[in-house]
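Shown next, in structure tokens, is the structure this report addresses.
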Amino acid sequence: MQHYDAPIADYAFLLDQVLEFDQVMREIGLDHVDSSLASSVLEEAGRFCALRLKPINREGDEHGACLVDGDVVTPPGFAQAWRDFCEAGWPSLSGDTAWGGQGLPFILQLWLDEMMSACNLSFGLFAGLTRGAYEAIGAHAAEELKSIYLPPMVSGQWTGAMALTESHAGTDLALLKTRAQANPDGSYAISGTKIFISSGDQDFGGNVVHLVLARLPDAPPGVKGISMFLVPKFLPDASGEFTVRNGMSVGALEKKMGIHAQPTCVMNYDEATGWLVGEPHRGLAAMFTMMNAERLMVGIQGLGIAGGAYQHAAAYAKERLQGRGEDGTPGPVAIVEHGDVRRMLLGVRSFVEAGRALAGWTALQMDRSHHHPDPAEAEKAAEFVALLTPVIKAAFSDLGFEGAVQAQQVFGGHGYIREWGMEQFVRDARIAQIYEGTNGVQAMDLVSRKLTLRGGQAVDAFFALIERDIGHADAAAPVTIAVDAALKRLRTTTAALQGASQEELGAAAVDYLRMFALVSLGWMWLRMALVSEKGDTPFHAAKLRMATWFAAKILPQTSSLAAQIAAGAAPAQVFAASEF
Ligand SMILES: Cc1cc2nc3c(=O)[nH]c(=O)nc-3n(C[C@H](O)[C@H](O)[C@H](O)COP(=O)(O)OP(=O)(O)OC[C@H]3O[C@@H](n4cnc5c(N)ncnc54)[C@H](O)[C@@H]3O)c2cc1C
């Protein structure tokens, strides 16, 4: 059976030496949280993921979630694991203390998400959607709704789901048709069908709280006519217990490529009772609280999957004997000796370790944006999060999928058959590129909205942070030279895109997002190299070697990406639609 080693040493290195965690906590008034507390929380989280979630991952995939008499039945072990997860307090980790949350920094949450995704992506989605839903309710609902729904959601006793998509309305939510009609008591009757609803139902016990996008009768057309409603599976009975079934049901479970243990539901709402959350017709803006949380989580899913898959591939490569050594050593040698196997392993690892650092840095910006005493600093941090959200969502899920495929490739044919579990990583990773806004749409968000944040000053401030670290580094070191050159390319490309036509942006977006991500990951390698130069442990030496590998082998990709972007929209636009 596969096992999982939580990357505790890496987390401790990042907290203590790279991300200045204790200093940030002091700056934002969370002095009671220091890196030693953070490390013990992460260690405990790693133990839970490795011992409770990893062992049920394979059976979850093979058994899958089922629909029995209209109710979802999750695979063996899932319901008990969820109850244990709640008992241990994990759903409330970063939750608001006003509603029973522990109020711990978001960096711990994102790294818990990483470990959950590495061990059991399907399970992690229940937690991620519950958190996103309670954050949106906390930010936008009326106090009465908050006091009823938040405590059991923050504790995980009740779970959450996000109901946007309809068969004809995916990316373009302006097309959605689900209706909401006011009831005399102030509630609403919601009617319509949603598809692809993750965690739409469960058998863990407790309620399932859906946040549903629908239109009121007087709604203007388009996205400005969408409202958000809280629609629970169970309504309160006369004694206030939530025992009465609401008018909503699971019509079917989607059959799909991966995450088989996840109930992806077709949901029918038949005059289901719901309550308005936020302003009428402003539901999409309110839903963005949940969507932004989920976007980061989905990027982290890619990171987790790549990290989990890497561990198995590295172990296998050291044991599998095939062929002569490239230095002439008579065979068979362990395949890790072959240059191409090293290329694959280092490719995945260089993303995972820098991705973990970038996720941590971004999470600290989220903490700064919520708690920093200086509003200008808080605002600046919020802009960094806004800028990096599409980058993390799309680049991490793309690199996560590519990483899963490379790790599978290390196993040769043994990676393709089920026995070793590598094909499950590939199938599970794939969805992260699609849901929560496809990666193409994330790239459009980056180039068309995020590059122009505060007239372009937000992206400029981000580049200035990288330049500051370049300035602190040895100018002649290969990592510094590579990051500096890649950043200059990115700056030139960014300037060319700011103010470009929609057509040009559409053609450039995906390449630009990859370029942006590679430079950001390169920045993290530079920061890790800067502290590792001063260390004298094998751990530090390995970090330096990884930084050098990334600078030499991956950062040059920014040159070809810059050339692809500079080629513009014309080479694709010359085709008529009928020619496809
Ligand atoms: C397993 C699974 C779980 C899901 N979970 C949920 C959930 O919990 N809740 C929920 O509400 N939804 C969920 N979804 C839906 C998911 O978010 C959508 O599938 C996704 O947003 C894309 O919508 P679509 O499938 O309709 O594709 P379309 O919108 O039809 O897109 C098709 C293609 O066209 C491209 N495209 C579309 N518009 C543009 C544009 N303007 N510019 C450039 N390219 C464009 C897309 O990038 C894509 O490549 C889930 C989907 C799956 C498969």
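Just to be sure before I move on: is GLU143 farther than 30 Å from SER36 by Cβ and of a type in the set (D, E, K, R) in the structure I sent? So GLU143 fits the description; yes.
Within the range 498-516, count every residue that is surrounded by 16 or more Cβ atoms within 10 Å (Cβ to Cβ) and farther than 21 Å from LYS393 by Cα.
Let us first name the residues in the range 498-516 that are surrounded by 16 or more Cβ atoms within 10 Å (Cβ to Cβ), namely 500, 504-516.
With farther than 21 Å from LYS393 by Cα added as a condition, the list becomes 500, 504.
Total satisfying the criteria: 2.
So, in the range 31-83, how many residues would count as being farther than 26 Å from ASP201 by Cβ, open to solvent by 70 Å² or more (accessible area, probe 1.4 Å) and of a type outside the set (Gly, Ala, Ser)? Working first, answer last.
We begin by selecting, within the range 31-83, every residue farther than 26 Å from ASP201 by Cβ; these are 31-47, 50-51.
Those still in the list that are open to solvent by 70 Å² or more (accessible area, probe 1.4 Å) too: 31-32, 36, 43-44, 47, 51.
Retained after the next criterion (residues that are of a type outside the set (Gly, Ala, Ser)): 31-32, 43-44, 47, 51.
Residues meeting the conditions: 6.
Residue by residue through the range 33-72, note down the ones that are outside any helix (DSSP H, G or I) and not small (Gly, Ala, Ser). Passing the criteria: VAL33, ASP34, CYS66, LEU67, VAL68, ASP69, ASP71, VAL72. Just so you know, in the range 517-544 the residues that are open to solvent by 50 Å² or more (accessible area, probe 1.4 Å) and more than 19 Å from ASP469 (Cα to Cα) include one that is modelled with the lowest pLDDT, and it is ASP536. Checked against (1) within 16 Å of the ligand (Cβ to nearest atom); (2) assigned to a loop (DSSP other than H, G, I, E, B); (3) open to solvent by less than 20 Å² (accessible area, probe 1.4 Å), PHE204 meets all criteria but (1).
Within the range 441-458, count every residue that is in contact with a helix residue (DSSP H, G or I) (Cβ under 6 Å, 6 or more places away or on another chain) and either part of a helix (DSSP H, G or I) or within 10 Å of the ligand (Cβ to nearest atom) (or both). Before you say what the answer is, go through the steps one by one.
Filtering the range 441-458 for residues in contact with a helix residue (DSSP H, G or I) (Cβ under 6 Å, 6 or more places away or on another chain) gives 442-448, 450-451, 453, 458.
With either part of a helix (DSSP H, G or I) or within 10 Å of the ligand (Cβ to nearest atom) (or both) added as a condition, the list becomes 442-448, 450, 453, 458.
Going through the range 441-458 one residue at a time, the tally reaches 10.
Note on the range 90-102: among residues that are touching a residue at least 24 places away in the same chain (Cβ under 8 Å) and assigned to a loop (DSSP other than H, G, I, E, B), the one that is farthest from LEU15 (Cα to Cα) is GLY100. Within the range 265-293, the set of residues being in a loop (DSSP other than H, G, I, E, B) and either within 15 Å of the ligand (Cβ to nearest atom) or in contact with a Lys or Arg (Cβ under 9 Å, 6 or more places away or on another chain) (or both) comprises just one member, HIS281. Report yes if ILE466 is within 15 Å of the ligand (Cβ to nearest atom) and at pLDDT 95 or above, otherwise no. For ILE466, the condition - within 15 Å of the ligand (Cβ to nearest atom) and at pLDDT 95 or above - is not met.
State the number of residues belonging to the range 255-264 that are surrounded by fewer than 16 Cβ atoms within 10 Å (Cβ to Cβ) and either free of Cβ contacts under 8 Å to residues at least 60 places away in the same chain or within 8 Å of the ligand (Cβ to nearest atom) (or both). Lay out the reasoning, then the answer.
The first filter runs over the range 255-264 and keeps only residues surrounded by fewer than 16 Cβ atoms within 10 Å (Cβ to Cβ), leaving 255-257.
Checking which are either free of Cβ contacts under 8 Å to residues at least 60 places away in the same chain or within 8 Å of the ligand (Cβ to nearest atom) (or both) leaves us with 255-256.
Of the residues in the range 255-264, 2 are surrounded by fewer than 16 Cβ atoms within 10 Å (Cβ to Cβ) and either free of Cβ contacts under 8 Å to residues at least 60 places away in the same chain or within 8 Å of the ligand (Cβ to nearest atom) (or both).
Within the range 215-228, being touching a Lys or Arg at 6+ places or on another chain (Cβ under 9 Å), within 16 Å of the ligand (Cβ to nearest atom) and touching a residue at least 40 places away in the same chain (Cβ under 8 Å) holds for ILE226, SER227, MET228. Collect the residues in the range 106-147 that are farther than 22 Å from ALA357 by Cα and not in a helix (DSSP H, G or I), keeping them in residue-number order. Result: ALA141, ALA142.
If I filter the range 118-125 for residues that are farther than 30 Å from GLU241 by Cβ, open to solvent by 10 Å² or more (accessible area, probe 1.4 Å) and away from the ligand (no atom under 16 Å from the Cβ), do I get at least one hit? Looking through the range 118-125, none of the residues is farther than 30 Å from GLU241 by Cβ, open to solvent by 10 Å² or more (accessible area, probe 1.4 Å) and away from the ligand (no atom under 16 Å from the Cβ). Counting only helices (runs of 4 or more DSSP H) that sit completely within the range 467-580, those holding 3 or more residues that are of a type outside the set (A, V, I, L, M, F, W, C) and more than 26 Å from LEU19 (Cα to Cα) correspond to 478-497, 502-532, 557-566. The combined condition, being within 14 Å of the ligand (Cβ to nearest atom), buried (at least 24 other Cβ atoms within 10 Å of the Cβ), within 28 Å of the chain's Cα centre (by Cα) and within 30 Å of HIS63 (Cα to Cα), is not fulfilled by VAL250.
Could you tell me which residue of the range 281-290 is farthest from ALA161 (Cα to Cα), considering only residues that are open to solvent by 10 Å² or more (accessible area, probe 1.4 Å) and in contact with a Gly (Cβ under 9 Å, 6 or more places away or on another chain)?
So the first thing to find is which residues in the range 281-290 are open to solvent by 10 Å² or more (accessible area, probe 1.4 Å), and the list is 281-282, 284-285, 288-289.
Going one step further and asking which of them are in contact with a Gly (Cβ under 9 Å, 6 or more places away or on another chain), we end up with 281, 285, 289.
Working: HIS281: 20, ALA285: 17, THR289: 13 Å.
Only one residue tops the list, namely HIS281.
In the set GLY299, GLY278, GLY325, only one residue is of a type outside the set (A, V, I, L, M) and at pLDDT below 95; that residue is GLY325.
Among residues of the range 128-140 being among the small types (Gly, Ala, Ser) and open to solvent by 10 Å² or more (accessible area, probe 1.4 Å), the one that is nearest to ALA65 (Cα to Cα) is GLY138. Need pairs with beta-carbon distance below 8 Å; first residue within 19 Å of GLN409 (Cα to Cα) and within the range 326-339, second of a type in the set (A, V, I, L, M) and in a helix (DSSP H, G or I); sequence gap 6+ or separate chains. What qualifies is ALA334/ALA317; ILE335/ALA317; ILE335/VAL341; ILE335/VAL410; VAL336/ALA314; VAL336/ALA317; VAL336/LEU345.
Pairs linking a residue in the range 43-70 that is farther than 30 Å from GLY247 by Cβ to a residue that is among the charged types (D, E, K, R), with Cβ atoms under 7 Å and 6 or more positions apart or on different chains, are ARG52/ASP84. Here ILE190, ILE197 are screened, and the one residue that is under 15 Å from GLU294 (Cβ atoms) and either touching a strand residue (DSSP E or B) at 6+ places or on another chain (Cβ under 8 Å) or assigned to a strand (DSSP E or B) (or both) is ILE197. Between VAL244, VAL231, the distinction of being within 16 Å of the ligand (Cβ to nearest atom), under 15 Å from ALA272 (Cα atoms) and of a type in the set (Val, Ile, Thr) belongs to VAL231 only. Where the second residue is open to solvent by less than 10 Å² (accessible area, probe 1.4 Å) and of a type in the set (Phe, Trp, Tyr) and the first is within 18 Å of VAL341 (Cα to Cα) and lies in the range 415-428, which pairs have Cβ atoms under 8 Å and are six or more apart or on separate chains? Pairs that qualify, where the first residue is within 18 Å of VAL341 (Cα to Cα) and the partner is open to solvent by less than 10 Å² (accessible area, probe 1.4 Å) and of a type in the set (Phe, Trp, Tyr), are TRP420/PHE411; MET422/PHE411.
For the range 148-187, filtering for residues that are assigned to a loop (DSSP other than H, G, I, E, B), over 20 Å from TYR269 (Cβ atoms) and either more than 14 Å from the ligand (Cβ to nearest atom) or open to solvent by less than 40 Å² (accessible area, probe 1.4 Å) (or both) leaves 3. Would you mention how many residues in the range 362-401 are open to solvent by 20 Å² or more (accessible area, probe 1.4 Å), assigned to a helix (DSSP H, G or I) and more than 21 Å from SER448 (Cα to Cα)? Residues that pass the stated criteria total 10.
The values are calculated or read from the model by the stated rules, or taken from the named source; none is laboratory data. Nothing here was measured: the structure is a model prediction, and the numbers come from that model. Quick reminder, even Gly has a Cβ in these numbers, built from the backbone with ideal geometry, and neighbours come from all protein chains shown. Quick note on the areas: whole protein, heavy atoms, side chains included, nothing else; ligands and nucleic acids left out. Shrake-Rupley method; radii C 1.70, N 1.55, O 1.52, S 1.80 Å.
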